[in-house]
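Remarks on the structure that follows.
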Amino acid sequence: MRTKIVAGNWKMNKTLSEAQALTTQVLGLCSAEVSAPVKVILCVPYPYLPVLTPQVKHSKVDIGAQNCSEHDAGAYTGEVSAAMLKSMNVPYVILGHSERRQYFHETGKLLAAKVDRALAHQLIPIFCCGESLDIREKGTHESLVRQQVEEALFHLSAEVISKIVVAYEPVWAIGTGKTATTQQAQDMHAVIRKQLVGKYGDAVAQAIPILYGGSVKPDNAKELFSCPDVDGGLVGGASLKARDFVDIVKCA
Ligand code: PGA
């Protein structure tokens with residue numbers, strides 16, 4: 001039985017005081033209302049990591065980053081390394097989000113290097129994959145997603161890939177209000193699970209959480225999370241409101 005995970009992806013939103021207030025609200029609602037053994041993660045902008053990580057200590061909530069460098073250290077102005085995240089006790093990092101792929105030209109090869117840096121510093125990558133609308137309309141979404149998973153993850157050993165969280169996020173459903181149907185989500189999650197079984201065997205593949213992301217809201221989360229291969233969600237817009245986010249957590 002895989003533990004459900006609900007991760008918020010705040011993207012580039014909130015000032016520091018707003019971020020602290022939102023975290024306080026999420027912590028309060030989670031401790032009052034969430035009794036199920038769900039893992040809750042807030043992936044926040046870099047500057048807030050050393051502030052919010054101590055704030056969530058001794059709570060059910062963990063903090064994550066939204067990216068890290070493929071390099072360990074050096075002359076890379078503006079970048080943040082996995083070692084820096086680790087030094088701030090950050091346990092999770094999103095890698096390969098479609099916005100990074102699209103706006104920052106992140107490729108499978110680059111993401112494989114980022115995954116390695118994160119794992120070398122004991123961070124848990126939340127590795128994102130997912131197709132754009134034109135790929136979905138062409139009907140090549142399954143092979144595209146399989147390729148994304150293979151390029152970034154299949155150099156890992158069975159022992160190491162067991163530490164990863166995968167997030168399937170169809171790009172056409174991100175921030176658009178257009179959610180994949182439960183059938184579309186389950187079908188793609190099953191494709192990814194089958195691919196993992198083929199490469200790593202059943203025991204390893206069954207233990208890897210696969211989250212769904214793309215316009216997850218309180219009113220669709222229950223149905224999505226009830227799919228057999230959907231192990232929770234990566235939530236963007238709805239994670240910016242404590243009430244909505246915790247209502248989604250309660251669906252897990
Ligand atoms: P959304 O974003 O929930 O706003 O669609 C999801 C994501 O980008 O991770």
* Under 12 Å, Cβ to Cβ, from residue 142 - net charge with Lys/Arg +1 and Asp/Glu -1 -> +2
* Which pairs in the list 194/217; 11/57; 60/86; 57/163; 4/199 are over 25 Å apart, alpha-carbon to alpha-carbon? -> 194/217
* Just read off the accessible area of residue 15 with the full protein assembly in place, 1.4 Å probe, to the nearest 10 Å². => 70
* Can you tell me the accessible area per residue over the stretch 65-200, all protein chains present, probe 1.4 angstrom, in square angstrom? -> 45
* Structure fact -> Where a ≥ b ≥ c are root eigenvalues of the Cα gyration tensor, a/c under 1.5 meaning rounded, otherwise prolate if a/b exceeds b/c and oblate otherwise, the chain counts as rounded
* To do: Pop out the carbon and sulfur fraction of the accessible area of the stretch 1-96 as a percent, whole number, probe 1.4 Å.
  => 58
* **Environment charge at residue 165 (Cβ cut-off 15 Å; Lys +1, Arg +1, Asp -1, Glu -1)** => +2
* To do: Sort 39, 199 from largest to smallest accessible area, using a 1.4 Å probe on the heavy atoms of the protein chains.
  => 199, 39
* Asked: Once amide H atoms are built 1.01 Å from N in the peptide plane, which residues 5 or more positions from residue 232, or in another chain, come under 5 Å H to H?
  -> 5, 212
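The values are calculated or read from the model by the stated rules, or taken from the named source; none is laboratory data. Note that the structure is predicted; figures quoted are calculated from it, not measured. Using ideal geometry, Cβ is built from the backbone for each residue, glycine included, and neighbour counts are taken over all protein chains shown. Only protein heavy atoms, including side chains, enter the accessible area calculation; ligands, DNA and RNA are left aside. Shrake-Rupley method; radii C 1.70, N 1.55, O 1.52, S 1.80 Å.
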